[in-house]
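Trainee: My questions all concern the structure below.
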Amino acid sequence: MLVDYFRLMCYRGSNKAIPQCILNANIEAKRAFIEGLMAGDGSMDENGLVTFDQIHKTVSAGVIALLEELEMEYSLHLREDKTNVCRISIIKDKADKRIKQADVIKKIETFEIDNNYVYDLETENHHFCGGLGNVLLHNTDSLFLKNPSTTSIDEVAAWARTNLGVDLEIDKQYRYVVFSDLKKNYLGVLADGTVDVKGLTGKKSHTPPFIRKAFYDILAILGKVDSEKDFESARESIKNVILENAKNLEAHRIPLDDLSFNVTINKSLNTYGKKTGVKALDGKSTDTYKGLPQHIKAAKMLVDANKREIRAGDVISYIKIKTGDGVKPVELAKPEEIDIEKYLETMEATLDQVLSALNFDFKAVLGKPRQQSLDELFWSKPAS
């Protein structure tokens, strides 16, 4: 019963968190909590530097909220030797050169997003909080001018500087650009033929090769666009790329190696997941686990089948299938086992950022019923 009480107090769903009663307590109680937390779960070196490491973001967010209210200076950074562990350093002396101060941005990293979308809750003037550390961010927009003269550009820049206090400068020059009707998204072709898609950071290396090839084939088609007439022709060519790949997928004409997701194992196999029991597989007993990533499931299958020894740093190539755990290593898979719908979903997710700028719907291209997306609910124009 005591365990249930503390779980109710100290968890938000499956995530650890600072108890709500502490967040709503008076200043003296909050100060006592922070002091107890640092004494019990923090550490202090011989020079008095206090640090607190935490993997649960909800806990870190709560600690930061308390430190802000207590007006205690702190510094944040992610540990390089441990994945996703945030270190909070308490700054008792602002002259302490061993840690960066609270208002200093130490490093900016670019992250790839699996589904290409990131949503935030923002104010009317487009400000939002950028995660831990109370970093206030602001969404920016671009100004597009069609065939402007040098004089026109100078006049717009002068007006923005005088009336808005904003300095404008030329960022890119497109020979052709298209805007999506469904969301704030656009696609442009630069003078050298490079295709520039808003927010495009490149596709992940573990994406199946046949989908990556389709993605870059589409960019190559768009790179040849010079005029509106070329653009309409390009749209038809892009449809053909999608249809051809979908037909080859459904007919099992794509080699397994081109269907494979290729992911590196970062640590020893036995450190992944939690063992839950034993089951019979092909007449043999094998351990069962929960919380295993797909590439780890495939790796364990290779070990159980005595196909190879797996070490940290190895690349696991696996196929998505319709049965069992939903995955199989390439070495054990058969073409007829592949889950066609899963691969079509991956194609759609990978190509969507380009297709949406062209006002294409992936399912409609394939002749399948389409559903209204979250973006359409927010960005589509109401029917007149």
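Trainee: State the number of residues belonging to the stretch 142-173 that are exposed (fewer than 10 other Cβ atoms within 10 Å of the Cβ), free of Cβ contacts under 8 Å to residues at least 12 places away in the same chain and not hydrophobic (A, V, I, L, M, F, W, C).
Mentor: 9
Trainee: If we only count helices (runs of 4 or more DSSP H) wholly inside the stretch 189-297, which ones have 3 or more residues that are in the same structural domain as Lys363 (by TED's automatic domain parsing), more than 30 Å from Ser14 (Cβ to Cβ) and at pLDDT below 85?
Mentor: The qualifying helices (runs of 4 or more DSSP H) are 228-250.
Trainee: Residue check, Ile55 against (1) touching a Ser or Thr at 6+ places or on another chain (Cβ under 9 Å); (2) more than 18 Å from Arg87 (Cα to Cα), all met but one. Which one?
Mentor: Only one criterion in (1) touching a Ser or Thr at 6+ places or on another chain (Cβ under 9 Å); (2) more than 18 Å from Arg87 (Cα to Cα) is unmet by Ile55, namely (2).
Trainee: Pick from Lys300, Lys320: which is modelled with pLDDT of 85 or more, among the basic types (Lys, Arg) and closer than 30 Å to Asp361 by Cα?
Mentor: None of the others qualify; the one that does is Lys320.
Trainee: In the stretch 37-61, what residues are in a helix (DSSP H, G or I) and within 19 Å of Ser75 (Cα to Cα)?
Mentor: Leu37, Met38, Ala39, Asp41, Lys57, Thr58, Val59, Ser60, Ala61
Trainee: With respect to Phe362, is the statement that it is of a type in the set (Phe, Trp, Tyr), modelled with pLDDT of 85 or more and out of contact with any Pro (no Cβ under 9 Å at 6 or more places or on another chain) true?
Mentor: It is true that Phe362 is of a type in the set (Phe, Trp, Tyr), modelled with pLDDT of 85 or more and out of contact with any Pro (no Cβ under 9 Å at 6 or more places or on another chain).
Trainee: Being outside any loop (DSSP other than H, G, I, E, B) and either at pLDDT 75 or above or exposed (fewer than 11 other Cβ atoms within 10 Å of the Cβ) (or both): is that true of Thr110 here?
Mentor: no
The values are calculated or read from the model by the stated rules, or taken from the named source; none is laboratory data. All figures in this text were calculated on a predicted structure; none of them were measured in a lab. Glycine also receives a Cβ, built like all others from the backbone with ideal geometry; neighbour counts cover every protein chain displayed.
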